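Reading through the structure tokens given below for one structure.
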Amino acid sequence: APRAGAPLAARIAASGRPRVALSILQGELELHPEDVDALVFYALLASELGDDAAAIAAARRAAYLAPSTPYPTFVMGVVLARAGRTEAAERRTAAARSLLAELEADAPLPHSDGLVAAQLRVILGAA
């Protein structure tokens, strides 16, 4: 279940303070290391801030904790691509597409902050 840390961090990041948001997420993950929502957001934010190793580690853990859910796998592909690891990114993107193929278009995607399957298909060019 989502906890208060990720939504608070999202509001702070949106206000232009991504490093503060990252600190909040670090605290959240120390208390709740299996919070997939926080791991996904941490991975994206760390990647945006240039900390590829932390981003990849968080995305890998999120994908491991939610293996049948496409969004954490997609995020892993994103952070790998940003880190220049193209082949690994392509494998994760293909895995996300495969997981998406099993879902109805309007199926909500857990850990994605409200996306549905059709929206991620468009993002992946797999509509």
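Would you mind calculating the gained length between Arg82 and Ala57 on full extension (0.36 nm times residue separation, minus the Cα-Cα distance), in nm to one decimal?
Stretched out fully, the Arg82 to Ala57 stretch lengthens by 7.6 nm.
Could you tell me which GluC sites (Glu not before Pro) in segment 71-109 are loop residues by DSSP with no more than 11 other beta carbons within 10 angstrom of their beta carbon? Please report the intermediate quantities before stating the final value.
Details: sites: Glu87, Glu90, Glu102, Glu104; in loops: Glu102, Glu104.
The qualifying sites are Glu102, Glu104.
Just from its helices, what would the mean residue ellipticity at 222 nm be for the chain, if runs of 4 or more DSSP H residues each count -39500 (n - 2.57) and the sum is divided by every residue, rounded to the nearest 500 deg cm²/dmol? Intermediate values should be presented prior to the final figure.
Values: 7 runs with 88 residues, N = 127.
Using -39500 (n - 2.57) per qualifying helix, the result is -22000 deg cm²/dmol.
At what distance in angstrom do the alpha carbon centres of segment 15-81 and segment 94-122 lie from each other?
18 Å
Find how much the distance from Val122 to Tyr64 grows on full extension, using 0.36 nm per residue of separation minus their present alpha carbon separation; answer in nm with one decimal. Spell out each step's value before the answer.
Details: separation 58, 0.36 × 58 = 20.88 nm, distance 2.42 nm.
That pair, Val122 and Tyr64, stretches by 18.5 nm at full extension.
Through the Karplus equation 6.51 cos²θ - 1.76 cosθ + 1.60, θ set to phi - 60°, convert the phi angles of segment 9-24 into ³J(HN,Hα) values in whole Hz; use x for Gly and Pro.
4, 4, 5, 5, 4, 5, 7, x, 10, x, 5, 5, 4, 4, 5, 4
Give the label of the value calculated from the structure for Cα Rg over 2.2 N^0.38 Å, choosing from (1) 1.29; (2) 1.06; (3) 1.00.
Matching entry in (1) 1.29; (2) 1.06; (3) 1.00: (3).
With every protein chain kept in place and ligands, DNA and RNA left out, what is the accessible area per residue of the chain? Probe 1.4 Å, answer in Å². Write out the running numbers ahead of the final one.
Details: 6700 Å² over 127 residues.
With all protein chains present, the chain gives 53 Å² per residue.
Can you run phi through the Karplus equation (6.51, -1.76, 1.60; θ = phi - 60°) for segment 33-50 and list ³J(HN,Hα) in whole Hz, with x for Gly and Pro?
x, 9, 6, 4, 4, 5, 4, 4, 5, 4, 4, 5, 5, 4, 5, 4, 8, x
Of the heavy-atom accessible surface of the chain (probe 1.4 angstrom), what whole percent is carbon and sulfur? Don't skip to the end; give the middle numbers.
On the way: 3660 of 6700 Å².
Heavy-atom surface of the chain belonging to carbon and sulfur, 1.4 Å probe: 55 percent.
Work out from phi, with θ = phi - 60° and the Karplus expression 6.51 cos²θ - 1.76 cosθ + 1.60, the ³J(HN,Hα) of each residue of segment 101-110, listed in order in whole Hz, and give x for Gly and Pro.
Along segment 101-110, the couplings run 4, 7, 9, 5, 4, 8, 5, x, 9, x Hz.
The values are calculated or read from the model by the stated rules, or taken from the named source; none is laboratory data. Fair warning: this is a prediction, and the values are worked out from it, not measured in the lab. We place every Cβ from the backbone using ideal geometry, glycine too, and count neighbours over all the protein chains shown. Note: areas computed on protein heavy atoms with side chains; ligands, DNA, RNA excluded. Shrake-Rupley method; radii C 1.70, N 1.55, O 1.52, S 1.80 Å.
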